[in-house]
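Undergrad: Structure provided below as structure tokens; questions to follow.
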Amino acid sequence: MVRSWSEEERRFKTAYDKIERVIEDRYKLPVLISDVLDPNTGDFDGAEIKLDYSNSLEMALFVLAHLFGHTVQWSVDPRARELGITYATQAPPDDLFEAVRIYERDASRLAMQLFHEAGVTEFDGWLSDWAAADWQYLEHFYRTGERVDFRQFYVEGTPVLTPLAIPAFTPKRWVSRFSF
């Protein structure tokens, strides 16, 4: 039986295909669909990006782009890598809270640049809204220790992020955020 896709699903699939192609062809970073440690929607280790097979097209697109942003950060900034590893499962101290917020925001700004490089320009508001939801989820987790579905924090109409230029980088395997 052939599945019929909605117009919205086709839009996400088209964008996903363009983004994935740029990540793999231009940036030489493999993208894998697999089982990812629950409750995560994706993971990365500096040399590849993994997306959980249960993601919707919409979630797969956001997670792919956002984790690409973190991969770039880890490749060019040891401090970003340290923040990402250290505070993946625990709250940062108050004096580092803003640095972690900026780390998260800038991963999505790099993702925005990736979208533009791939010719995907109609998702700026959508990407910004999901980036805000992702931060709201993390802030909730950091303050309460409770892991909830980050989709519940989604609100349309957040300020649109400014793309951040993607610096030259070479993918290098570090460690999965959740392997320790």
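Undergrad: I need to check one value: relative contact order of the chain, counting alpha carbon pairs closer than 8 Å and at least 6 residues apart, in percent. Write down the numbers at each step before the final one.
TA: Details: 252 pairs, mean separation 46.6, N = 180.
That works out to 26 percent.
Undergrad: While we're looking at this one, here's another question. Test of understanding: ordering Ile166, Ile23 by Cβ neighbours within 10 Å, fewest first, what list do you get?
TA: Details: Ile166 20, Ile23 23.
With the fewest neighbours first, Ile166, Ile23 line up as Ile166, Ile23.
Undergrad: If you don't mind, another one. Output wanted: per-residue J couplings in Hz (rounded whole) for segment 53-66, from phi through Karplus 6.51 cos²θ - 1.76 cosθ + 1.60, θ = phi - 60°, x for Gly and Pro.
TA: 5, 8, 5, 5, 4, 4, 5, 4, 5, 5, 4, 4, 5, 5
Undergrad: Per DSSP helix of 4 or more residues, -39500 (n - 2.57); summed, then divided by the residues of the chain. What does that give at 222 nm, rounded to the nearest 500?
TA: Details: 5 runs with 93 residues, N = 180.
Mean residue ellipticity, 222 nm, calculated: -17500 deg cm²/dmol.
Undergrad: Quick one: order Ser128, Ser108, Ser6 by neighbouring beta-carbon count within 10 Å, fewest to most. Walk me through the numbers before you get to the answer.
TA: Details: Ser128 21, Ser108 24, Ser6 8.
In increasing order of surrounding Cβ atoms, one gets Ser6, Ser128, Ser108.
Undergrad: Give the order of Met112, Met59 when sorted by the count of other beta carbons within 10 angstrom, beginning with the fewest.
TA: The most exposed by this proxy come first: Met59, Met112.
Undergrad: What full-extension length gain, to one decimal in nm, is calculated for Arg151 and Ile102 as 0.36 nm per residue of separation minus the Cα-Cα distance? List each step's numbers first, then the result.
TA: On the way: separation 49, 0.36 × 49 = 17.64 nm, distance 2.04 nm.
Between Arg151 and Ile102, full extension yields 15.6 nm more.
Undergrad: Now a separate question. When the Karplus curve 6.51 cos²θ - 1.76 cosθ + 1.60 is applied with θ = phi - 60°, which whole-Hz ³J(HN,Hα) does each residue of segment 111-124 get, with x for Gly and Pro?
TA: Once rounded to whole Hz, the list reads 4, 4, 4, 4, 4, 5, 4, 7, x, 9, 10, 8, 10, 4.
Undergrad: Moving on. Mind listing the phi-derived Karplus ³J(HN,Hα) values for segment 88-95, rounded to whole Hz, using 6.51, -1.76 and 1.60 with θ = phi - 60°, and x for any glycine or proline?
TA: Along segment 88-95, the couplings run 6, 10, 8, 6, x, x, 3, 6 Hz.
Undergrad: Quote the relative contact order of segment 120-173 in percent (integer), defining contacts as alpha-carbon pairs under 8 Å separated by 6+ residues.
TA: The normalised contact order for segment 120-173 reaches 43 percent.
We did not get these values from a lab; they are worked out from the coordinates using the rules stated. Remember, predicted model here, so these are calculated numbers, not experimental data. In this analysis, Cβ positions are derived from the backbone assuming ideal geometry, glycine residues included, and neighbour counts consider all displayed protein chains.
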